[in-house]
Amino acid sequence: CGIEAPCTTKEDEPNLTLVFKSILNQVRNHSASWPFLKPVDKNEVPDYYDYIPYPMDLKTIGERLKKGYYIGKKLFIADMIRIFTNCRTYNSAETEYYKCANQLEKFFNTKIRESGLGE
Ligand SMILES: COc1cccc2onc(N)c12
């Protein structure tokens, strides 16, 4: 759907929630997703929230998806990218976390392209 080919009916509109759900599940199942499955635990990492004002994780994205928060692709992509940028802000480049963020972002970008959500 777009200006050149407007959606004729509701059915034509790609069911974005299904697409986001599929991408989220594939990202969650990736071997590099383990640091990002749930919010960083303040007890484990006491200063994390001093450096990261807008935390994000895959569990939170799943909850937002269920609530219908992602009415467009930009909101979904922004939350996912925030996971990676937060991780690269808090962790230095040689850490396992930083490497997981880069690997997972590469995988995510591929899924976005494959799904046709990319530009
Ligand atoms: C378990 O995840 C962590 C533990 C400790 C520091 C962290 O920065 N970014 C993370 N995802 C992270």
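FYI, it's all coordinate maths here, none of it is from the lab. What you see is a predicted model, and the numbers here were worked out from it, not measured in a lab. Every residue, glycine as well, gets a Cβ built from its backbone with ideal geometry; the counts of neighbours run over all protein chains shown.
Numbers at a glance
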read-out: Percentage relative contact order, the chain, counting C-alpha pairs under 8 Å, at least six apart; value: 28
read-out: Helical contribution to [θ] at 222 nm, DSSP H n ≥ 4, -39,500 (n - 2.57), averaged over the chain, rounded to 500; value: -17000 deg cm²/dmol
read-out: Distance between segment 85-105 and segment 40-62 - C-alpha centres, whole angstrom; value: 14
read-out: Residues of type lysines that K111 reaches as a straight line, Cα spacing below 19 Å, ignoring anything fewer than 8 places off in the same chain; value: K21, K59, K73, K74, K99
read-out: For peptides 91-98, 42-49, 18-25, sequence by mean Cβ density within 10 Å, most packed first; value: 18-25, 91-98, 42-49
read-out: Fully extended contour minus Cα-Cα distance, from K74 to S22, at 0.36 nm per residue; value: 17.1 nm
read-out: Length added when fully stretched, N43-T89, from 0.36 nm per residue minus Cα-Cα; value: 14.6 nm
read-out: Exposure proxy ranking, count of Cβ atoms within 10 Å, fewest first, for I112, I71; value: I71, I112
read-out: Summed residue charge, Cβ within 12 Å of Y49's Cβ, Lys/Arg positive, Asp/Glu negative; value: -3
